[in-house]
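None of the figures in this text is laboratory data; all of them are computed from the coordinates on show. Computed from a predicted model, the values in this text were never measured in an experiment. Note that each Cβ is placed from the backbone with ideal geometry, even for glycine, and that neighbours are counted across all protein chains shown.
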Amino acid sequence: MSRVVLAMSGGVDSSVAAHLLLQAGHEVIGVFMRHGEASAAACRIDSDEPRNANPLNLPVLAGSPDGKRADHKQGCCSATDAADARRVAMSMGIPFYSLDLQEDFRRIVDYFVDDYLSARTPNPCVKCNHWIKFGRLFDYADGVDAEFVATGHYARMVRNHDTQINELHRGLDGHKDQSYALFGIGRERLSRMMLPVGDYTKPEIRDLATSLGLGVSDKKDSQEICFVTQGHHSDFVKARRPEMVGATAGQIVTTAGKVVGEHKGFEAFTIGQRKKLGVALGEPHFVIRIEPDTKRVVIGSAEELLRPGLIADQCNWLIDPRDIPPSRKVGVQIRYNGQPHLGQIQIDEELPTRMKVLFDEPQSAVAPGQAAVVYDGERVLGGGWITQALEAETTR
């Protein structure tokens with residue numbers, strides 16, 4: 001019987017994941033990772049920990065939350081989520097611990113704010129998976145001699161019987177697939193990962209939760225960035241960097257250079273944005289480019305939003321990148337809820353953490369700051385972070 005550390009969020013996916021792991025004969029330890037922006041006191045749970053339950057001396061929360069679940073699911077990692085996770089763990093008779101990772105999470109918040117103030121579009125949920133959820137989860141697993149780490153992500157670990165290695169694949173439910181968010185996991189850790197719900201559809205998971213009486217089958221999925229639960233993301237950025245209020249204000253211009261308006265801060269805009277531009281030009285316009293140096297937000301037509309390729313850095317490869325020939329057609333996904341687009345990738349032999357992507361067909365809204373994840377069919381090969389959307393003359 002293998003010992004497995006499971007990230008339990010209090011939602012339906014990780015709750016059913018606990019059941020599936022137990023059903024498969026594993027010894028499960030549930031861990032709730034408290035890393036939101038609310039005060040630690042708002043997320044306290046009971047914990048009667050045996051000795052060595054927290055060998056890394058990570059902060060453990062104690063106490064008990066109360067209050068009803070809100071009708072609208074705001075972010076994640078709330079006091080109610082902690083209570084739900086603990087209740088599910090108790091009902092299954094598995095140990096349950098809560099780790100206070102607020103100090104670690106400040107890195108995510110700083111990254112989020114800094115990217116917007118640098119005219120990039122950050123993806124804090126993906127960064128959190130790489131830096132905190134799997135980073136700290138593996139640390140904890142090592143401390144309690146657990147062989148595996150598991151989460152409720154909709155992705156699959158597939159054993160290749162020819163190579164005898166584990167591969168990260170898309171989840172069975174194409175509407176809920178979360179493999180895009182996991183590309184940054186260290187290749188050496190794939191052999192220790194378990195993703196129990198990846199072989200199910202979301203309706204099947206909810207039905208299973210109902211049949212088990214877990215009490216979370218109708219709980220809404222988290223939709224928002226967990227630390228921006230009210231207002232616009234730009235309001236959060238200004239609150240975190242009050243000295244920057246007004247410093248990023250500038251002009252709204254067309255691609256032809258015509259000034260058509262003014263804005264109060266370019267951090268309020270993202271590439272591809274169409275609504276709430278603050279100008280009315282009689283026909284749809286989109287954010288084509290954000291220039292932090294000039295503080296200009298450049299808008300244009302849908303056709304002007306198309307880009308033939310991109311440059312990405314900080315690449316993480318789940319295979320040896322030398323095994324991907326430049327002539328090989330791959331799929332490249334450039335946003336969380338998007339689909340892979342066929343193209344070719346060129347990996348710098350001397351610097352494999354950098355790649356160029358050339359799409360077969362130009363793609364819309366290639367946003368610096370977002371992840372570009374490379375697929376071979378259903379398999380995740382790796383990915384990186386977009387630094388530049390290529391213009392037509394720079395593709396070759």
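For the chain, the longest principal axis of the alpha carbon atoms and the long axis of helix 102-117 meet at an angle near 10°. Each of 189, 86 was scored by other Cβ atoms within 10 Å of its Cβ. Arranged with the fewest first, they read 189, 86.
Taking GluC sites (Glu not before Pro) in DSSP loop states with no more than 12 other Cβ atoms inside 10 Å as exposed sites, the chain has its longest site-free stretch at 1-348.
Tally Lys and Arg at +1 and Asp and Glu at -1 over the other residues with C-beta under 12 Å from the C-beta of residue 365: what net charge comes out? Show your work: numbers first, answer last.
Values: positive: 274, 289, 307, 335; negative: 304.
Around residue 365, the charge tally is +3.
Of the residues 24, 79, 268, which exhibits the maximal mean-square fluctuation in a Gaussian network model of the chain defined by a 10 Å Cα contact cut-off? Ranking 24, 79, 268 by mean-square fluctuation puts 24 first.
Using the scaling law 2.2 N^0.38 Å as the reference, what is the normalised Cα Rg of the chain? Provide the component values of the computation, followed by the final result.
On the way: Rg = 22.2 Å, N = 396, 2.2 N^0.38 = 21.4 Å.
In units of the globular-protein estimate, the chain measures up at 1.04.
Rounded to the nearest 500, the 222 nm mean residue ellipticity of the chain from helices alone is -6000 deg cm²/dmol, with -39,500 (n - 2.57) taken per DSSP H run of at least 4 residues. Under a GNM of the chain (C-alpha, springs under 10 Å), which listed residue has the highest mean-square fluctuation: 320, 173, 100? Sorting by GNM fluctuation, first place goes to 320. The stretch 323-378 and the stretch 159-197 have Cα centres lying 18 Å from one another. Ordering 323, 104 from the fewest to the most neighbouring beta carbons within 10 Å gives 323, 104.
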